[in-house]
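Participant: For reference, the structure I am asking about is given below.
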Amino acid sequence: MGSPMATTCLIDRYAAYLPVTPRTPRIALGEGGTPLVRAPRLEAETGVREVWLKVEGMNPTGSFKDRGMVLAVAKAMEEGAASVICASTGNTAASAAAYAARAGLECAVVLPAGHVALGKLAQAIVFGARVIAVRGSFDDALVVVKELAAGGEATLVNSINPYRIEGQKTAAFEICETLGDAPDALFIPVGNAGNITAYWKGFVEAARTGMATRGVRMFGFQAAGAAPIVHGRPVAEPRTIATAIRIGNPASWKSAVEARDASGGAIEAVTDEEILDAYRFLAGCEGVFCEPASAASVAGLRQRARRGALEGIERIVCVLTGNGLKDPDTAKSFSPSLTEVAPTAEDVRAAIRALS
Ligand SMILES: *Cc1c(COP(=O)(O)O)cnc(C)c1O
């Protein structure tokens, strides 16, 4: 099944590095090939020579989840599955629902009630998934879908599905290709810890296959109220405004710690206040609108810069995992009521001045 769109197919582009066969369906919605944007204001603030933003919100459903989902769904098709299922804080659900729709598979998504950003919920609904909210956390939802998948009811497409990690590692390849080599350090938000695992795998393979000549230090950031890896124990009731990383017991905990230790990196906590500061800085000073969880990478960079903990690091890539439009409520909370005036130049001019 070829893609009818004039877009590159991630599976085809990296087939040599992925567990695909000639029979793997080449489904595609335009995933991957996301922009790497230089961040001059962040460079000025942190004193780092080069800071780049990998804008994963430009993927078809607005998050990096599409890179892994396209492969997980293609492999499910290849293996004859009729339906897929996942637990999700929102973006996995949006992505699974889209690719399942594309592939003609049934899709069920299980979400933590009351803690999913509006845009993600809208996507899961309109892509036609069966959307179930559970009274519990993401971690509770993951336990349930694992049980259902183990019973053979559907293929699990959470990041414990190895194809998710395989697809997601392509972002590391793209960074090496664009920069001509691996960066000194990667800064990345950590939730269920699949993505930090995937980037690490990608950078290790990039070094092995000649795409890169150097290693990368991996710096992961959890929200302070949902920082199990930082504290070394699960968090029963994770709390943070960054709903995409509101996870208390990450599935890829062990491999995240391995990535941290093997790369000479760190996994640290950033507060919700630091996350929201970085979120507004990125939008207001760099022109890049990401979702709150994504800003954890940049919050971590700014925190380390303040502590003077960036020695020997001259080229950094921060991963911005998801699009800001996913979470309109957070954006709107900074200006809850709009100024309304009469439609005259005089009134509008006065209103603009009042806001300056
Ligand atoms: C899923 C997600 C994360 C966390 O990624 P993990 O692989 O679970 O660590 C971070 N940000 C956004 C926007 C996400 O959708």
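Participant: Among the trypsin sites (Lys or Arg not before Pro) within region 62-153, which fall in a DSSP loop and have no more than 16 other Cβ atoms within 10 Å of their own Cβ?
Facilitator: On the way: sites: LYS65, ARG67, LYS75, ARG102, LYS120, ARG130, ARG135, LYS146; in loops: ARG135.
Those that pass, being in a loop and sparsely packed, are ARG135.
Participant: Now for a separate question. Could you list which residues have their amide H under 5 Å from that of ALA87, counting only those 5 or more apart in sequence or on another chain, with H placed in the peptide plane?
Facilitator: Under 5 Å from the amide H of ALA87 lie the amide H atoms of VAL110, ASN158, each far enough along the sequence or on another chain.
Participant: Related question: Can you give the accessible area per residue of region 30-134, in Å², using a 1.4 Å probe?
Facilitator: Details: 3440 Å² over 105 residues.
Each residue of region 30-134 exposes 33 Å² on average to a 1.4 Å probe.
Participant: Tell me, in nm to one decimal, what length is gained between ALA262 and ALA150 on full extension, where the rule is 0.36 nm per residue of separation less the Cα-Cα distance?
Facilitator: Details: separation 112, 0.36 × 112 = 40.32 nm, distance 3.23 nm.
Length gained between ALA262 and ALA150: 37.1 nm.
Participant: Multiply the residue gap between ARG135 and GLU311 by 0.36 nm, knock off their C-alpha separation, and tell me the result in nm, one decimal place. Don't jump to the answer; show the numbers that get you there.
Facilitator: Working: separation 176, 0.36 × 176 = 63.36 nm, distance 4.49 nm.
Gain in length upon complete extension: 58.9 nm.
Participant: A further question follows. Under the Karplus relation 6.51 cos²θ - 1.76 cosθ + 1.60, θ = phi - 60°, what is the ordered set of whole-Hz ³J(HN,Hα) values for region 90-98, x standing for Gly and Pro?
Facilitator: So the Karplus estimates, Gly and Pro as x, are x, 6, 4, 4, 4, 6, 4, 5, 5 Hz.
Participant: Ok, one more. Return the calculated 222 nm mean residue ellipticity for the chain, to the nearest 500 deg cm²/dmol, obtained by summing -39500 (n - 2.57) across DSSP H runs with n ≥ 4 and dividing by the residue count.
Facilitator: Details: 15 runs with 146 residues, N = 356.
Theoretical 222 nm ellipticity from helices: -12000 deg cm²/dmol.
Participant: Given Cβ point charges of +1 (Lys, Arg) and -1 (Asp, Glu) and nothing else, what value in debye, to the nearest 20, does the dipole of region 183-291 about its Cα centre take?
Facilitator: On the way: 10 positive and 12 negative charges, 87 e Å.
So the dipole magnitude of region 183-291 works out to roughly 420 debye.
Participant: How far is the Cα center of region 277-294 from the Cα center of region 26-77, in Å?
Facilitator: Using only Cα atoms, the two centres lie 15 Å from each other.
Participant: Modelled label-to-label distance, GLU273 and GLU79, 7 Å Cα→beta-carbon offset: nm?
Facilitator: With each label placed 7 Å out from Cα toward Cβ, I get 4.7 nm.
Participant: Roughly how many percent of the accessible protein surface of region 152-199 is carbon and sulfur, given a 1.4 Å probe and a whole-percent answer?
Facilitator: Working: 500 of 1010 Å².
Carbon-and-sulfur percentage of accessible area, whole number: 49.
Participant: State the answer as a single residue: which of GLY104, CYS86, VAL116 lies farthest towards the positive end of the charge dipole of region 52-119, with beta carbon charges of +1 for Lys and Arg and -1 for Asp and Glu, about the Cα centre.
Facilitator: The one lying farthest along the dipole's positive direction is VAL116.
Participant: Can you list the HN-Hα couplings for region 341-355, worked out from phi with the Karplus curve (6.51, -1.76, 1.60; θ = phi - 60°), rounded to whole Hz and with x for Gly and Pro?
Facilitator: 9, 5, x, 10, 4, 4, 5, 5, 4, 5, 5, 4, 4, 5, 8
Participant: Check each of the GluC sites (Glu not before Pro) in region 82-184 and keep only those in coil by DSSP with at most 14 other C-beta atoms within 10 angstrom; list them in order.
Facilitator: Working: sites: GLU106, GLU147, GLU153, GLU166, GLU174, GLU177; in loops: GLU153.
Sparse-neighbourhood loop GluC sites (Glu not before Pro): GLU153.
Participant: Here's another thing I want to ask about it. Counting heavy atoms of the protein chains only and a 1.4 Å probe, report the per residue accessible area for region 155-194 as a whole number of Å². Before the final figure, lay out each step's value.
Facilitator: Numbers: 760 Å² over 40 residues.
Accessible area per residue: 19 Å².
Participant: Based on alpha-carbon centroids, what's the gap between region 143-194 and region 198-272 in Å, whole number please?
Facilitator: 12 Å
Participant: Amide H neighbours of GLU268 under 5 Å, counting only residues 5+ apart in sequence or on other chains, H built in-plane at 1.01 Å?
Facilitator: GLY220, PHE221, GLN222
Participant: Going down the table (LYS65/LYS169; LYS65/LYS326; LYS75/LYS201; LYS54/LYS120; LYS169/LYS332; LYS54/LYS254), which pairs top 22 Å between alpha carbons?
Facilitator: Values: LYS65/LYS169 11 Å; LYS65/LYS326 13 Å; LYS75/LYS201 20 Å; LYS54/LYS120 20 Å; LYS169/LYS332 33 Å; LYS54/LYS254 25 Å.
With Cα atoms farther than 22 Å apart: LYS169/LYS332; LYS54/LYS254.
Participant: Another question, if that's okay. Around VAL126, under 15 Å between beta carbons, what's the net of Lys plus Arg minus Asp minus Glu among the other residues?
Facilitator: Values: positive: ARG102, LYS120, ARG130, LYS326; negative: none.
Residues near VAL126 contribute +4 overall.
Participant: Report the full-extension gain for the segment ARG280 to ALA236: residue separation times 0.36 nm, less the Cα-Cα distance, to one decimal in nm. Walk me through the numbers on the way to the answer.
Facilitator: Numbers: separation 44, 0.36 × 44 = 15.84 nm, distance 2.94 nm.
Difference between extended and current length: 12.9 nm.
Participant: Separate question: For region 189-224, run through the trypsin sites (Lys or Arg not before Pro) and keep only the ones in DSSP coil with at most 13 other Cβ atoms within 10 Å of their Cβ. Can you show the working numbers first?
Facilitator: Working: sites: LYS201, ARG208, ARG214, ARG217; in loops: ARG214.
Answer by residue number: ARG214.
Participant: Give me the 1.4 Å probe accessible area per residue for region 241-283, excluding ligands and nucleic acids, in Å².
Facilitator: Details: 1700 Å² over 43 residues.
Here the residues of region 241-283 average 39 Å² of exposed surface.
Participant: For ASP181 and LYS332, FRET efficiency with R0 = 35 Å and r from the beta-carbon atoms, rounded to 0.05? Intermediate results must be reported in sequence, preceding the final value.
Facilitator: Details: r = 41 Å, r/R0 = 1.17.
Between LYS332 and ASP181 the formula returns 0.30.
The values are calculated or read from the model by the stated rules, or taken from the named source; none is laboratory data. All of these numbers come straight from a predicted model, not from anything done at the bench. As a convention, Cβ positions derive from the backbone with ideal geometry for all residues, glycine included, and neighbour counts pool all protein chains shown. Accessible surface is based on the protein model in full, side chains and every heavy atom, while ligands, DNA and RNA are left aside. Shrake-Rupley method; radii C 1.70, N 1.55, O 1.52, S 1.80 Å.
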